[in-house]
Amino acid sequence: MQLEEQQPHNRPNNQLNDQPIRESVKTATTLALFCKVVDNFGDIGICWRLAQQLESEHGIAVTLWVDDLPSFRRICPDIVIDQEQQEIAHVHVRHWRNQDGVFSAADVADIVIEFFACDIPPGYIRAMAECTPRPVWLNLEGLTAEAWVEGCHTLPSPHPSLSLTKHFFFPGFNNKTGGLLRESRLDQERPAFQADPVAMEKFLSSLGLTPAEMAATKVSLFCYPQAPVAALFKEWQNNGQAITCLVPEGVAAASVAAFLGQPATVGSSATHGALTVRVLPFIPQADYDKLLWACDLNFVRGEDSFVRAQWANKAFIWHIYPQDKNLHHVKLNAFLKTCTSSTASLAAFARAWNEASVETVDWSQLWPALQADMPHIADLSTEWQQKMRENGDLTSNLLKFVGSVQQARQKDAV
Ligand code: TRH
């Protein structure tokens, strides 16, 4: 989703709890999450992780409304695309077909989340206004390291005509924001996998890698079509050290096909000089995490893979979602400034990758500098993760905020 300006989609009203609602507090046990897939996989990718974590770690009964089941199926192959309703990993998934639904108060969940300011059906909003107590209504926004989010995080926005207040909730990189999505099991699963060569080999073999490809420096490549892939391939080809570059099907397809000398179909691979490029299938989301853990360097994009790369304990290069007027360069620089594992070599490389460099781009300088720093970056990444962990995870922070909204309402009611 493209944010046109550095502000939330709906301008928040800065008055705190200006609509006292006379109601009692009820512990939230149900949640409706509305996800409109604007493009690609990040919208559903984030919502799917959030839904699963709400259920598995907090016991919340989640209904995930999604308008695009085929995209959902790419990251979660259990999804049946012609089902109106289905239960996947204890999450109730509903196909959100249109805005016409008729709803009553009994249909409304205790917590309602609209993801990236998607317009939830008017009938559902009317039913929310009929509930006692009112649901806690949140707009979960996009991730940025820019300072303005700290001032907008949790701001209320009263509905213009109904007795309802929506709050903005921003993920982010410090404790003035909602933090980052991070499941508690990651702390055990990721190091256990990385310390288990047999599990790693089994996983990489299942993706078709040969022993020689596994022994090389492994790079995963997930980026938008405009990334300077061909220029980087040329550098890697001429570089002394063997590199295996793993590219999901459909990513950088033109540059990959040019390198392979054939269409970039799943399973195709070629070696030129020091570089082997292999096309992977698009794999389920949990396996994508493993791919990031198994590689020495990860190229990621958008929002969800970008966050997951931060939990992989490896160097990563972010290809940020492009925006008008190069607004994304501001976001990229804000992140590079914030992230303590961004060395000068990594920041220079990332700016070049995103066409945000002020200097002339020379991959024969940028790559060796990044390559030499990769072990150090992995060490710094441990500290960065610890720093992020101290902010709490987004799901827990979101539920804490829901509790605080309910308490504030109760106070207003007495
Ligand atoms: O796919 P993305 O570019 O998605 C988004 C959307 O464009 C969105 O509208 C925009 O707002 C956001 O970027 C900034 O990149 P992202 O966010 O990394 O999402 C990719 C998802 O796909 C992520 O959940 C990981 C998953 N994935 C798999 O499950 N298997 C795979 O093989 C790969 C490559 C990714």
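General observations
- For segment 188-213, the set of residues classified as within 16 Å of ASP296 (Cβ to Cβ), in a loop (DSSP other than H, G, I, E, B) and out of contact with any Ser or Thr (no Cβ under 8 Å at 6 or more places or on another chain) consists of ALA195, LEU207, listed by residue number.
- Filter result (assigned to a loop (DSSP other than H, G, I, E, B) and aliphatic (A, V, I, L, M)) within segment 134-147: LEU143, ALA145, ALA147
- Summed over segment 135-168, residues that are within 16 Å of the ligand (Cβ to nearest atom) and either touching a Phe, Trp or Tyr at 6+ places or on another chain (Cβ under 7 Å) or free of Cβ contacts under 8 Å to residues at least 60 places away in the same chain (or both) total 6.
- Cβ pairs under 7 Å, 6+ apart, first in segment 193-215 and more than 15 Å from LEU280 (Cβ to Cβ) and in the same structural domain as ASN313 (by TED's automatic domain parsing), second in a helix (DSSP H, G or I) and of a type in the set (Gly, Ala, Ser): PHE193/ALA199; MET200/ALA294
- Test for ALA230: is it among the aliphatic types (A, V, I, L, M) and more than 12 Å from the ligand (Cβ to nearest atom): yes
- Only one of the numbered conditions (1) touching an Asp or Glu at 6+ places or on another chain (Cβ under 7 Å); (2) in contact (Cβ under 8 Å) with a residue 60 or more places away in the chain; (3) within 30 Å of ARG389 (Cα to Cα) is violated by ILE120, and that is (3).
- Residue pairs whose Cβ atoms lie under 8 Å apart, sitting 6 or more positions apart in sequence or on different chains, and linking a residue in segment 99-112 that is without any contact (Cβ under 8 Å) to a residue 24 or more places away in the chain and closer than 12 Å to CYS131 by Cα to a partner that is open to solvent by less than 30 Å² (accessible area, probe 1.4 Å) and not small (Gly, Ala, Ser), are ASP107/TYR124.
- Residue in segment 57-67 that is near the ligand (Cβ under 10 Å from one of its atoms) and more than 21 Å from ASN397 (Cβ to Cβ) present: no
- Qualifying residue in segment 165-180 (condition: within 23 Å of ASP296 (Cβ to Cβ), in contact with an Asp or Glu (Cβ under 6 Å, 6 or more places away or on another chain) and crowded, with 22+ Cβ neighbours inside 10 Å): no
Here is a yes/no grid of residues against (1) touching a helix residue (DSSP H, G or I) at 6+ places or on another chain (Cβ under 7 Å); (2) open to solvent by 10 Å² or more (accessible area, probe 1.4 Å):
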| residue | (1), (2) |
| --- | --- |
| ILE79 | yes, no |
| ILE88 | no, yes |
| ASP107 | yes, yes |
| ILE113 | no, no |
| ASP119 | no, yes |
| PRO122 | no, yes |
| ILE125 | no, yes |
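- Any hit, segment 268-281, residues being part of a loop (DSSP other than H, G, I, E, B), surrounded by fewer than 17 Cβ atoms within 10 Å (Cβ to Cβ) and of a type in the set (S, T, N, Q): no
- Residue pairs whose Cβ atoms lie under 6 Å apart, separated by 6 or more positions or on different chains, with the first residue in segment 31-49 and over 16 Å from ILE320 (Cα atoms) and of a type outside the set (A, V, I, L, M, F, W, C) and the second part of a loop (DSSP other than H, G, I, E, B) and more than 8 Å from the ligand (Cβ to nearest atom), are LYS36/ASP67; LYS36/CYS118; ARG49/LEU181.
- Qualifying residue in segment 112-133 (condition: at pLDDT 95 or above, within 17 Å of GLU55 (Cα to Cα) and assigned to a loop (DSSP other than H, G, I, E, B)): no
- Per-region count, segment 295-330, residues more than 15 Å from ALA227 (Cα to Cα) and near the ligand (Cβ under 10 Å from one of its atoms): 7
- Count of residues meeting criterion [closer than 23 Å to SER157 by Cα and open to solvent by 50 Å² or more (accessible area, probe 1.4 Å)] in segment 90-103: 1
The values are calculated or read from the model by the stated rules, or taken from the named source; none is laboratory data. Bear in mind the structure is a predicted one, so any value in this text is a computation, not a measurement. Because the Cβ atoms are built from the backbone with ideal geometry, glycine has one as well, and the counts that use them run over all protein chains shown. These accessible areas exclude ligands, DNA and RNA; they are computed on the full protein's heavy atoms, side chains included. Shrake-Rupley method; radii C 1.70, N 1.55, O 1.52, S 1.80 Å.
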